[in-house]
Amino acid sequence: MKKLLLFCLAAMAFAACTKEQLPVADYDIIPQPKEVRLNEEKPFELNFKTVVYYEAGLEREAMFLSEYVSNILCIGLNQHEYHGQTDGIVLNIVSEDFTQAEAYEINVTPKQVIIKGADAAGVFYGIQTLRKSIPVSRLFTDPQQNFNVKLSDISCQLPCGTIRDWPNFSYRGMHLDPCRHFIPLDSVKVYIDMLAMHNMNQFHFHLSDDQGWYDTIRHGGFYTQDELRDLIEYAAERHINIIPEIDLPGHMQAALACYPHLGCTGGPYEVWKRWGVSEDVLCAGNEETMLFVEDVLNEVMDVFPSPYIHIGGDECPKVRWEKCPKCQAKIKELGIKKDDKFTAEDYLQSYVMNRMAKVVEARGRRVIGWDEILEGNVSETAIIMSWRGTEGGIEAARKGHDVIMAPSSHLYFDYYQSEDIASEPMCIGGYLPVERVYEFQPMPEELTPEQKKHIIGVQANIWTEYIAHFWHVQYMALPRMEALTEIQWNNPQERDFDAFVERCRHMVQLYELYHYTYADHIFNPQVWADTVEANLATSKPITLRQQPAEQYSYEGAVVLNDGNLGRGAYNSGRWLGFCGYPLDAVIDFEQPAEMQHVRFHALTNKGAWIYNPSQVKVLVSDDGETFHEVAQKDIPISTWADKDGIFAYEVDFKPVTAKFVEVVISGYNLPEDHSGFGNPAWIFVDEIEVE
Ligand code: TNX
């Protein structure tokens, strides 16, 4: 009897324990659903007996749901057509219950879960929400759990209630550049899976550019038309449209290498081996070139059913056109005149873009172009992708264009996401932490309600100059993609970053489950030991004879001697940037002081046109008026073989006593092997120390 009682107690304890540990779904996911109303009813239990019932046309959605549940919980769900069953998970479309496309509602009762969509995409997003709500089974996260688990032990409780959700923007996209570094098809499919998990519906595939090689090593590949058709179908199953981009008329050197007669000089050209913008562009005055491009666009439209075709238009230098007899003759023939806003060559680019827009529109599609296409007379129907900030987008919306916001200031995921660049995989530069992405307000307040309707979407871009492998693409995307998703789907006016980070934690379980590489800075905030030892210059009055560039001036001269060392990327706020003139700072010690040593730090990021200083001069003065030089030092220019990074520069001189010191730090011009050859390089300097 005693034994039996003990056994019963043990069984009860076990039951209580397993019950307590039953995983419970949490609807606080990304993007955060707009309406979640829960009630106290007994939760729905999702287990291996749960059946997915789908309405005709939603068979694929049912398969996705079953696949996700098997990924997350290790149980597969059976799928059957829906005929009024009263149990299981039901997928159906009831368009009349919604005012908006892609909307969904999930209704959880103790016996049944109904995922109802305005359309199939809505059902798909409802499934994504459910998928993201279910905690990843400890079977995957804790290997100790792997023993003796019975199928019947696995389940997840879905709290009862109603979730209603719909997107804020109809265009929710991400871009990928497989030109600078080729990305194999299977990896592109994984990228599409990542987009699907984040309720995105547009994948911008940047298919042509100047480069295709790096260093001297061949790096590349190609997609066949059949592979692309397969990819398009793969994306379409996940409610994602693939927008092909053929970048015109610049960023075309790789094409010119194959077809030199399409350029102004006739070549020979090489597929470009360095980063930047090539001056060799398509010859706009050559009819054969135009016919070639029309052919390419038609071929692209044969393969891609996308309602949007991206025709580029960014960064097209006009130097060849200015000297090309054919381009000049075309300008004459078209009667193009320069005016006080734009050059004749700018209008020649508009001619190319508008001509190609007609080819695209003749097949019932719309063109997208980068915001440069506003420079001239752009076709009224073109959609503008605003990348050089939001100004282009604002101007375009005022002119009645539809706009996609993709500003480099907030949505260029090829930039660094941490200030500690020494610990990061090398990338193009910049500094764009998750926090900054999350701050982005895509809807410009200065627009009228009518104009606001033209802001149709938001997109982030991943350029791959410095990204040679797909793991690095993922690392750059995650978790910044979470912030992007919330902006695209919800665009909340008030944003709570801490709550957002908590929602990201659950996403990390999914990253790990699917073996996605991700950056974890937001979960491990960095603390810097980044002050310099107090020295003669620290916090003394400082003036600059010429101000830094406006966008890199931050708190002004005081940044240079506030005791905090320059850190991270050039736009971290910890550096002052100068271009085309020296940094010329005067520090007032307020009383005579003896000195013999000046030291400062500067940042080099050659791809971003930032070079080391060319020279430093030190001058001293007793009255702050007359200065005399005590030291001068030349610094050799950094070469591509040298590492980029943060470097200290020092000058020693004979001890001298004075009340003022003046430090003049000059910059180089970009050298011949740089794409910006001849332009002044930037210098970024911080913390001038005097001892
Ligand atoms: C600008 S964004 C470019 C790309 C580069 C990118 C690097 C745009 C339309 N053009 O060609 O890859 O910057 O961040």
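The values are calculated or read from the model by the stated rules, or taken from the named source; none is laboratory data. All values derive from a computational prediction rather than experimental measurement. Reconstructed Cβ throughout: ideal geometry from the backbone, glycine too, with neighbour counts over all protein chains shown. Accessible surface is based on the protein model in full, side chains and every heavy atom, while ligands, DNA and RNA are left aside. Shrake-Rupley method; radii C 1.70, N 1.55, O 1.52, S 1.80 Å.
If we scan the range 156-164, do we find a residue that is open to solvent by 50 Å² or more (accessible area, probe 1.4 Å) and over 35 Å from the mean Cα position of the chain (by Cα)? Spell out how you get there, then give the answer.
Keep residues of the range 156-164 that are open to solvent by 50 Å² or more (accessible area, probe 1.4 Å), which gives 164.
Okay, now just the ones that are also over 35 Å from the mean Cα position of the chain (by Cα), so none.
No, that holds for no residue.
When you check Glu494 against the structure, is it surrounded by fewer than 13 Cβ atoms within 10 Å (Cβ to Cβ) and assigned by TED's automatic domain parsing to the domain that holds Pro433, yes or no? Step through it out loud before you land on a result.
Details: surrounded by fewer than 13 Cβ atoms within 10 Å (Cβ to Cβ): yes; assigned by TED's automatic domain parsing to the domain that holds Pro433: yes.
Yes, satisfied.
Matching residues to (1) open to solvent by 10 Å² or more (accessible area, probe 1.4 Å); (2) in a helix (DSSP H, G or I); (3) farther than 27 Å from Leu513 by Cα:
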| residue | (1), (2), (3) |
| --- | --- |
| Val69 | no, yes, no |
| Gly76 | yes, no, no |
| His80 | yes, no, yes |
| Val90 | no, no, no |
| Tyr125 | no, yes, no |
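Assess whether Gly266 counts as being free of Cβ contacts under 8 Å to residues at least 40 places away in the same chain, away from the ligand (no atom under 16 Å from the Cβ) and of a type outside the set (Ser, Thr, Tyr). Talk me through it step by step, then tell me what you get.
Values: free of Cβ contacts under 8 Å to residues at least 40 places away in the same chain: yes; away from the ligand (no atom under 16 Å from the Cβ): yes; of a type outside the set (Ser, Thr, Tyr): yes.
When the stated conditions are applied, Gly266 passes them.
Do you know which residues across the range 447-467 are within 16 Å of the ligand (Cβ to nearest atom) and open to solvent by 10 Å² or more (accessible area, probe 1.4 Å)? Break it down into steps so the answer makes sense when it comes.
Step one: filter the range 447-467 for residues within 16 Å of the ligand (Cβ to nearest atom), giving 458-467.
Scanning the range 447-467 gives Trp463, Glu465, Tyr466.
Just to be sure, is Gly376 within 17 Å of Gly457 (Cβ to Cβ) and either of a type outside the set (Asp, Glu) or in a helix (DSSP H, G or I) (or both)? I'd like the intermediate steps shown before the answer.
Values: within 17 Å of Gly457 (Cβ to Cβ): no; either of a type outside the set (Asp, Glu) or in a helix (DSSP H, G or I) (or both): yes.
Judged against the criteria, Gly376 is not a match.
Please find, among Lys633, Lys654, Lys643, the residue that is charged (D, E, K, R) and either in contact (Cβ under 8 Å) with a residue 40 or more places away in the chain or in contact with an Asp or Glu (Cβ under 8 Å, 6 or more places away or on another chain) (or both). Before the answer, list the steps.
Working: Lys633 fails: either in contact (Cβ under 8 Å) with a residue 40 or more places away in the chain or in contact with an Asp or Glu (Cβ under 8 Å, 6 or more places away or on another chain) (or both); Lys643 fails: either in contact (Cβ under 8 Å) with a residue 40 or more places away in the chain or in contact with an Asp or Glu (Cβ under 8 Å, 6 or more places away or on another chain) (or both).
Exactly one of Lys633, Lys654, Lys643 is charged (D, E, K, R) and either in contact (Cβ under 8 Å) with a residue 40 or more places away in the chain or in contact with an Asp or Glu (Cβ under 8 Å, 6 or more places away or on another chain) (or both), namely Lys654.
Counting only residues that are over 26 Å from Val403 (Cα atoms) and polar (S, T, N, Q), how many does the range 292-343 have?
1
What's the number of the only condition in (1) touching a helix residue (DSSP H, G or I) at 6+ places or on another chain (Cβ under 9 Å); (2) not in a loop (DSSP other than H, G, I, E, B) that Glu662 fails to meet?
(1)
Identify the residue in the range 95-120 that is open to solvent by 30 Å² or more (accessible area, probe 1.4 Å) and in contact with a strand residue (DSSP E or B) (Cβ under 8 Å, 6 or more places away or on another chain) and, among all such residues, is nearest to Val36 (Cα to Cα).
Taking the range 95-120 as the starting set, the residues that turn out to be open to solvent by 30 Å² or more (accessible area, probe 1.4 Å) are 95-97, 99-101, 107, 109-111, 114, 116, 119.
Next, only the ones that are in contact with a strand residue (DSSP E or B) (Cβ under 8 Å, 6 or more places away or on another chain) stay: 97, 107, 109-111, 114, 116, 119.
Working: Asp97: 17, Asn107: 10, Thr109: 14, Pro110: 17, Lys111: 19, Ile114: 15, Lys116: 15, Asp119: 20 Å.
This residue is Asn107.
Hey, any hits in the range 204-227 for a residue that's in contact (Cβ under 8 Å) with a residue 40 or more places away in the chain, away from the ligand (no atom under 16 Å from the Cβ) and open to solvent by less than 20 Å² (accessible area, probe 1.4 Å)?
Within the range 204-227, not a single residue is in contact (Cβ under 8 Å) with a residue 40 or more places away in the chain, away from the ligand (no atom under 16 Å from the Cβ) and open to solvent by less than 20 Å² (accessible area, probe 1.4 Å).
Yes or no, residue by residue, for (1) hydrophobic (A, V, I, L, M, F, W, C); (2) at pLDDT below 95:
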position	(1), (2)
Asp346	no, no
Ser350	no, no
Met353	yes, no
Asp371	no, no
Thr381	no, yes
Glu395	no, no
His401	no, no
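Does Glu650 satisfy the condition of being farther than 20 Å from Pro541 by Cβ, open to solvent by 30 Å² or more (accessible area, probe 1.4 Å) and not small (Gly, Ala, Ser)?
On the way: farther than 20 Å from Pro541 by Cβ: yes; open to solvent by 30 Å² or more (accessible area, probe 1.4 Å): yes; not small (Gly, Ala, Ser): yes.
The answer is yes for Glu650.
Among the residues that make up the range 511-523, is at least one of them under 30 Å from Lys273 (Cα atoms), within 16 Å of the ligand (Cβ to nearest atom) and touching a residue at least 12 places away in the same chain (Cβ under 8 Å)?
Scanning the range 511-523 turns up no residue that is under 30 Å from Lys273 (Cα atoms), within 16 Å of the ligand (Cβ to nearest atom) and touching a residue at least 12 places away in the same chain (Cβ under 8 Å).
When both residues are 6+ apart or on different chains and their Cβ atoms are under 6 Å apart, which pairs have a first residue that lies in the range 154-177 and is within 16 Å of the ligand (Cβ to nearest atom), and a second that is of a type in the set (A, V, I, L, M) and part of a strand (DSSP E or B)?
Listed pairs, sorted by first residue: Met174/Ala460.
Which ones in the range 602-642 are under 25 Å from the mean Cα position of the chain (by Cα) and either assigned to a strand (DSSP E or B) or among the charged types (D, E, K, R) (or both)?
Passing the criteria: Leu603, Thr604, Asn605, Lys606, Ile610.
Ile311 - would you say it is within 16 Å of the ligand (Cβ to nearest atom), at pLDDT 95 or above and either touching a Cys at 6+ places or on another chain (Cβ under 8 Å) or not in a loop (DSSP other than H, G, I, E, B) (or both)?
Working: within 16 Å of the ligand (Cβ to nearest atom): yes; at pLDDT 95 or above: yes; either touching a Cys at 6+ places or on another chain (Cβ under 8 Å) or not in a loop (DSSP other than H, G, I, E, B) (or both): yes.
It is true that Ile311 is within 16 Å of the ligand (Cβ to nearest atom), at pLDDT 95 or above and either touching a Cys at 6+ places or on another chain (Cβ under 8 Å) or not in a loop (DSSP other than H, G, I, E, B) (or both).
Count, please, the residues in the range 570-594 that happen to be surrounded by fewer than 21 Cβ atoms within 10 Å (Cβ to Cβ) and under 17 Å from Ala537 (Cβ atoms).
Selection size over the range 570-594: 9.
Please enumerate the residues belonging to the range 353-373 that are within 16 Å of the ligand (Cβ to nearest atom) and part of a helix (DSSP H, G or I). Reasoning before the result, please.
Going residue by residue through the range 353-373, those that are within 16 Å of the ligand (Cβ to nearest atom) are 353, 367-373.
Those that are within 16 Å of the ligand (Cβ to nearest atom) and part of a helix (DSSP H, G or I): Met353, Asp371, Glu372, Ile373.
Would you mind telling me which numbered condition in (1) away from the ligand (no atom under 16 Å from the Cβ); (2) more than 20 Å from Asp339 (Cβ to Cβ) Asn377 fails?
Asn377 satisfies every listed condition except (2).
For Glu102, all conditions in the list (1) under 19 Å from Pro31 (Cα atoms); (2) at pLDDT below 95 hold save one; what is the number of the exception?
(2)
Of (1) aromatic (Phe, Trp, Tyr); (2) assigned to a loop (DSSP other than H, G, I, E, B); (3) under 18 Å from Thr464 (Cβ atoms), Tyr269 satisfies all except one. Which?
Of the numbered conditions (1) aromatic (Phe, Trp, Tyr); (2) assigned to a loop (DSSP other than H, G, I, E, B); (3) under 18 Å from Thr464 (Cβ atoms), the odd one out for Tyr269 is (3).
Given the conditions (1) in contact with a Lys or Arg (Cβ under 7 Å, 6 or more places away or on another chain); (2) modelled with pLDDT of 95 or more, which single one is not true for Lys189?
Condition (1) is where Lys189 drops out.
Where residues in the range 395-421 are within 16 Å of the ligand (Cβ to nearest atom), under 17 Å from the mean Cα position of the chain (by Cα) and among the small types (Gly, Ala, Ser), which of them is farthest from Asn524 (Cα to Cα)?
Once the filter is applied, the top-ranked residue is Ala406.
Give me the residue from the range 350-396 that is open to solvent by 10 Å² or more (accessible area, probe 1.4 Å) and hydroxyl-bearing (Ser, Thr, Tyr) and, out of that set, farthest from Gly285 (Cα to Cα).
Thr390
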